[in-house]
Amino acid sequence: MRRAFLNIVFLFLPSIIWGQQSDNTWSSRGITIRSVEVSGKRPMKEIGTSTTTFDSLTLKENIALSMADVLTYSTPIFVKNHGRATLSTVAFRGTSASHTQVSWNGMKINNPMLGSTDFSMIPSYFIDDASLLHGTSSVGETGGGLGGAVRLATTPASANGFGLQYTQGIGSFKTFDEFLRLTYGNKNWQVSTRAVYSSSPNEYKYRNRDKKENIYDENMNIVSQYYPIERNRSGSYKDLHILQEVYYNTGRGDRLGLNAWYINSNRELAMLTTDYGDDTKFDNRSREQTFRGVLSWDHLRSDWKVSAKAGYIHTQMAYDYKRDIGNGIMAHMTRSRSRVNTIYGQVDGEYYIGNKWLFTANLSLHQHFVTSRDKNIIRQDGGKAIVGYRKGRVELSGAVSAKWRPVERLGISLVMREEMYGKEWTPIIPALFVEGVLSPIGNLTAKASVSRNFRFPSLNDLYFLPGGNPDLRKESGWSYDAGLSFAVGRKGVYALSGSATWFDSYIKDWIIWLPTVKGFFSPRNVKDVHAYGVELQAKLDVALTRELALALNGTFSWTPSINQGTPMSAADRSVGKQLPYIPLYSSAITGRLSWRKWAFLYKWCYYSERYTMSSNDTTLTGKLPTYFMNNISLEKSFSFSWADLSLQGTINNLFNEEYLSVLSRPMPGINFEIFVSITPKWGRHK
Amino acid sequence: MKRLTRGLFLIVPLLLVGCMEWDYGLEEDFDTSASPEGLFVCNEGNFQYGNATLSYYDPAACRVENEVFYRANAMKLGDVAQSMTIRDSLGWVCVNNSHVVFAINLNSFREVGRITNLTSPRYIHFISDDKAYITQLWDNRIFIVNPQRFEITGYIECPGMTMENGSTEQMVQLGKYLYVNCWSYQNRILKIDTTTDAIVDELTVGIQPTSLVLDCNNKLRTITDGGYEDSPYGHEAPALYRIDPVEFKIEKQFNLAFGDTPSELQLNGTGDMLYWLNDDVWAMPIDAERLPLRPFLPYNGTLYYGLTVNPHNGEVYVADAIDYVQQGKIYRYSPQGELLDDFYVGIIPGAFCWKQN
């Protein structure tokens, strides 16, 4: 606790020090730094909301990052990482993975079977615009975000003529990352094709302290034991992503867009540290093919806007667990298949009356068709059968809002949303946002919001065989936010901004999968949870000299997430305790120092201890201590008459920490990767 | 530049602060040889989290020691501790999803060896000093092992099942024949000749027999769970069966109510009283001709997960897994159903094993 506090204080100290300095000499330098934006007035659409927006540099600072990595180092979100290039889910404001809604170009991409999103499957290279909508702020975008929402989008490339960028990354553990982007653009058209291919046997070494190797004598007596240095066994991956975008801008206020994203992933599921199986005798693998496509039309006028979107998602997932039965033939122990088809449609409208009123409305529809085939069995009569389910569900969500800015310094926004999943409707979901500028000096702004929210059970929660529970109730909650923000700066010299937000959420009927006496798991509404806390964010951009710029971004969150349910039995010691796997404290800082064509990046994150038990007991076998992670990278750009080149070297886990995010899932030690990037200047030679 | 230097001076040392705090390699010495009897509790832990543990309870002293495997060996037991069996001075712990069976010294809890590369070990049964069978889930074979050499020596292929729906569970032996219940998506009891390692017969019972015991009259007893709703394998009322192992025929079937979830069929030390879980804890003499009307211990609002009876004095131990993500609790009752003691163990206590000195 004490160490965490010290880290937090020192994390923000530099920002505070710089924030207090208003050196006139800076203004005289007349230099341009990366991003110096001091907003005098927030857009009306964002009245009272708590939003974290990622700039393009954050998203592209390391081309090989997944969105899981970006969220880890740039937000207060806890990313529960099962290993390198494996399942990564998030806990937003002390909630679970399925309480974070994720959209891509407006279309919801949470897996309807699971309710959650695997952020390790989203390369940041494919995302041009990303933002977090914290807690109540998500209601304006979508329902079900009891923790919040992550909004991901692509944007037109702004190309003029043909363009090409190719990047090759080579890293530790035989990791190869390749990135290609082709662009074409003119006054009306913007076309972009992006491709990513990442592969690695992923066999990083680590000292396995969860097991020991035995040395026997000839009578099979143990004469010695030691902790083995093991490889990350069965953790290889091959991921291919292709993104095609076409935009047509009429130049008269209409824009048409097509986004199509194809994923082909083949990943082994790494063995636990406590696995004594021979990895050459077992094959534990998941494969996924997903296509996501969105067609969009935006029609903009001076005081109103309408847009329409139509989309489609097709996902095929295969999970195979096989073992060698002794003759070299790998026999299936589990052969699970699932298929999801989703049809999506959405219309949005905005209408301004003067500069004091904004009315918005949106209506979205997602129709899911799911087939899950989990197990092949032999029936009692000797025939074959498949254990699984086949279901469809329509999800309708609509919202209207009125935003009012009666005076320059005050804004009020009211959102009313309603959702229907299947045949079940939510009550009206209200959200009220208020913000006011307390002082124009420093743009000191106060904001507050309150909302109700609901999350429906996922299709697996309801129908999975065995265990699905069609009697589940939807989770519901009330959330309250209040905060202060400020922004100061001098154009072209420095910009300092920060915010502090307090939040408070009550979630009823939290769904948890529990074992049954029949040997399978089944979901139940078991917990009432009170999640509350504080989020702090600070950002500093400063030009130190004409050629030297520093950018710092820091976050800190304190997120008690307390079980307030009824004890499950007299012996239950979980009531009043922090939920497992949700850290009480987390923090991250990113610092970027740019000098001429050099850039140095330092990333640091901290997570306090995570409990693995609902009773918050810390046992020898259930301990996930605090960890700190440090990554650095150095980049140098070259500009030739025929091309731009850049070289980047990164070091991850700089101090070679032994750490875990999840029990029995080892994380890699220090590792390296270098990237070479080339952007030819076709037809633009000088 | 000064400001920059000052800033970096503040930041950099703090970024270097902190490493995960691990305590490794501390092996604790135990000696339980003085206690007349002891109870081992296999705590499954959470599937895929590798946090299974072993607890040891001394009934005479009413004292429990948790995580004894880790504390004695400075390494984890593994992922899903399914069962423990004692043979002479060694305890054999089947750790299902770690593909391993550990052999430990019963008094010091120190490992003496391990059998690895199993598919999904459930139970071990000793045929002789140098031969044992290990049943599996997700495998249609029973593994034959040499426990002295800690090695797999052969397999018994089970008919009517594939790797995917393979399931063999508890074993009891009468003479040269061994009987094993097939549980997950199965409905059979297999009969194996231990001299030839061949399956010589099979008997169909109800859907999913969960457990198997041999009473003092040398009758097999099994209880089915009846499957589950919408299962393509079927869903029926569970039942308790009495089986003649020689004729290999069902002698008596006691039907439970449709939707009941019985499990954990156990015998007392003299083999004349049956116990099982079905929300409540139930008890029935082996010569009873109908099911009891009232439970031995009524349901108290929690889902019992494990059950055992002290073979020495008939005391009944019931495991409450609570919410399955905290340390479970064991309740110790007298043969008359009076609460004598309770204690916390590890996550999801599911199986017990008695040590008699």
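The values are calculated or read from the model by the stated rules, or taken from the named source; none is laboratory data. Being a predicted model, the structure only gives us computed values, none of them experimental. Methodologically, a virtual Cβ is constructed for each residue, glycine included, from the backbone with ideal geometry; neighbour enumeration extends over all protein chains shown.
Scanning the range A:469-486 for residues that are surrounded by 19 or more Cβ atoms within 10 Å (Cβ to Cβ) and hydrophobic (A, V, I, L, M, F, W, C) yields a single hit, A:F486.
None of A:R337, A:R267, A:R292, A:R287 is assigned to a strand (DSSP E or B), over 22 Å from A:F119 (Cβ atoms) and either of a type in the set (K, R) or modelled with pLDDT of 95 or more (or both) except A:R337. Counting just the residues of the range A:589-620 that are among the β-branched types (V, I, T) and in contact (Cβ under 8 Å) with a residue 24 or more places away in the chain, which one comes out surrounded by the fewest Cβ atoms within 10 Å (Cβ to Cβ)? Taking the candidates together, the pick is A:T590. Applying the condition of being acidic (D, E) and part of a loop (DSSP other than H, G, I, E, B) to the range B:303-357 and asking which residue is surrounded by the most Cβ atoms within 10 Å (Cβ to Cβ) yields B:D323.
Conditions (1) assigned to a strand (DSSP E or B); (2) among the small types (G, A, S); (3) crowded, with 16+ Cβ neighbours inside 10 Å, marked per residue:
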| residue | (1), (2), (3) |
| --- | --- |
| A:N362 | yes, no, yes |
| A:H368 | yes, no, yes |
| A:R390 | yes, no, no |
| A:R417 | yes, no, yes |
| A:T445 | yes, no, yes |
| A:R452 | yes, no, yes |
| A:D461 | no, no, yes |
| A:G467 | no, yes, yes |
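Among the strands (runs of 3 or more DSSP E) confined to the range A:157-221, the ones with at least 1 residues that are within 14 Å of chain B (Cβ to nearest Cβ), of a type in the set (V, I, T) and over 21 Å from A:N249 (Cα atoms) are located at A:213-216. Total residues in the range A:357-376 satisfying the condition of being at pLDDT 95 or above and farther than 29 Å from A:I109 by Cβ: the figure is 1. Scanning the range B:66-92 for residues that are closer than 23 Å to B:Y305 by Cα and more than 12 Å from chain A (Cβ to nearest Cβ) gives B:S83, B:M84, B:T85, B:I86, B:G91, B:W92.
Within this structure, A:I632 passes the test of being within 23 Å of the chain's Cα centre (by Cα) and β-branched (V, I, T). Being within 14 Å of chain A (Cβ to nearest Cβ) and closer than 18 Å to B:T85 by Cα holds for only one residue in B:N165, B:N146, B:N187, B:N140, and it is B:N146. The sole residue among B:G328, B:G301 that is under 19 Å from the mean Cα position of the chain (by Cα) and within 14 Å of another protein chain (Cβ to nearest Cβ) is B:G328.
Consider only pairs whose beta carbons are under 8 Å apart and that are at least six residues apart or on different chains; among these, list those whose first residue lies in the range B:306-331 and is free of Cβ contacts under 8 Å to residues at least 12 places away in the same chain and whose second residue is in a strand (DSSP E or B). Qualifying pairs under 8 Å: B:D323/A:I512; B:D323/A:L514; B:D323/A:V526.
Rundown of residues vs (1) over 19 Å from A:G669 (Cβ atoms); (2) at the interface with chain B (Cβ under 8 Å from one of its Cβ atoms); (3) basic (K, R); (4) out of contact with any His (no Cβ under 8 Å at 6 or more places or on another chain), yes/no style:
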{"site": "A:T590", "(1), (2), (3), (4)": "yes, no, no, yes"}
{"site": "A:W604", "(1), (2), (3), (4)": "no, yes, no, yes"}
{"site": "A:S608", "(1), (2), (3), (4)": "yes, no, no, yes"}
{"site": "A:T621", "(1), (2), (3), (4)": "yes, yes, no, yes"}
{"site": "A:M629", "(1), (2), (3), (4)": "no, no, no, yes"}
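Would you confirm whether or not the range B:124-133 contains a residue that is under 29 Å from A:D275 (Cα atoms), without any contact (Cβ under 8 Å) to a residue 12 or more places away in the chain and small (G, A, S)? Scanning the range B:124-133, I find at least one residue that is under 29 Å from A:D275 (Cα atoms), without any contact (Cβ under 8 Å) to a residue 12 or more places away in the chain and small (G, A, S), so the answer is yes.
When each of A:A549, A:A531, A:A570, A:A538 is tested for being of a type outside the set (D, E, K, R), crowded, with 21+ Cβ neighbours inside 10 Å and within 12 Å of chain B (Cβ to nearest Cβ), the lone residue that passes is A:A549. Of all residues in the range B:94-103, those satisfying the criterion of being buried (at least 24 other Cβ atoms within 10 Å of the Cβ) and at the interface with another protein chain (Cβ under 7 Å from one of its Cβ atoms) are B:S98, B:H99.
Looking across the range A:465-474, the residues that are out of contact with any helix residue (DSSP H, G or I) (no Cβ under 6 Å at 6 or more places or on another chain) and modelled with pLDDT of 95 or more come down to A:N469, A:D471, A:R473, A:K474. Could you tell me whether the range B:305-315 includes any residue that is within 14 Å of chain A (Cβ to nearest Cβ) and on the phi > 0 side of the Ramachandran plot? For the range B:305-315, residues within 14 Å of chain A (Cβ to nearest Cβ) and on the phi > 0 side of the Ramachandran plot: absent.
Failed condition for A:E203, given (1) charged (D, E, K, R); (2) crowded, with 16+ Cβ neighbours inside 10 Å; (3) touching a residue at least 60 places away in the same chain (Cβ under 8 Å); (4) out of contact with any Ser or Thr (no Cβ under 6 Å at 6 or more places or on another chain), with all others met? Of (1) charged (D, E, K, R); (2) crowded, with 16+ Cβ neighbours inside 10 Å; (3) touching a residue at least 60 places away in the same chain (Cβ under 8 Å); (4) out of contact with any Ser or Thr (no Cβ under 6 Å at 6 or more places or on another chain), only one is false for A:E203: (3).
So, in the range A:233-275, exactly how many residues are of a type in the set (S, T, N, Q) and within 14 Å of another protein chain (Cβ to nearest Cβ)? Looking only at that region, the number is 3.
Would you confirm whether or not the range A:570-585 contains a residue that is over 30 Å from B:A52 (Cβ atoms), at pLDDT 95 or above and out of contact with any Pro (no Cβ under 6 Å at 6 or more places or on another chain)? The answer is no; no qualifying residue exists. Selection of strands (runs of 3 or more DSSP E) fully inside the range B:77-185 by the criterion of at least 3 residues being among the basic types (K, R) returns nothing. Against the condition surrounded by 17 or more Cβ atoms within 10 Å (Cβ to Cβ) and within 28 Å of the chain's Cα centre (by Cα), how does A:V400 come out, does it pass? No; evaluated as a whole, the condition is false for this residue. Of the numbered criteria (1) within 14 Å of chain B (Cβ to nearest Cβ); (2) in a loop (DSSP other than H, G, I, E, B), the one A:I651 fails is (2).
Residues checked against (1) free of Cβ contacts under 8 Å to residues at least 40 places away in the same chain; (2) over 26 Å from A:T193 (Cβ atoms); (3) buried (at least 19 other Cβ atoms within 10 Å of the Cβ):
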residue	(1), (2), (3)
A:D275	no, yes, yes
A:D279	no, yes, no
A:W297	no, no, no
A:R301	no, yes, no
A:W304	no, yes, no
A:K309	no, no, yes
A:A318	yes, yes, no
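When we screen B:L106, B:L118, B:L54 for residues that are of a type in the set (A, V, I, L, M, F, W, C), within 14 Å of chain A (Cβ to nearest Cβ) and over 27 Å from A:G326 (Cβ atoms), the only hit is B:L54.
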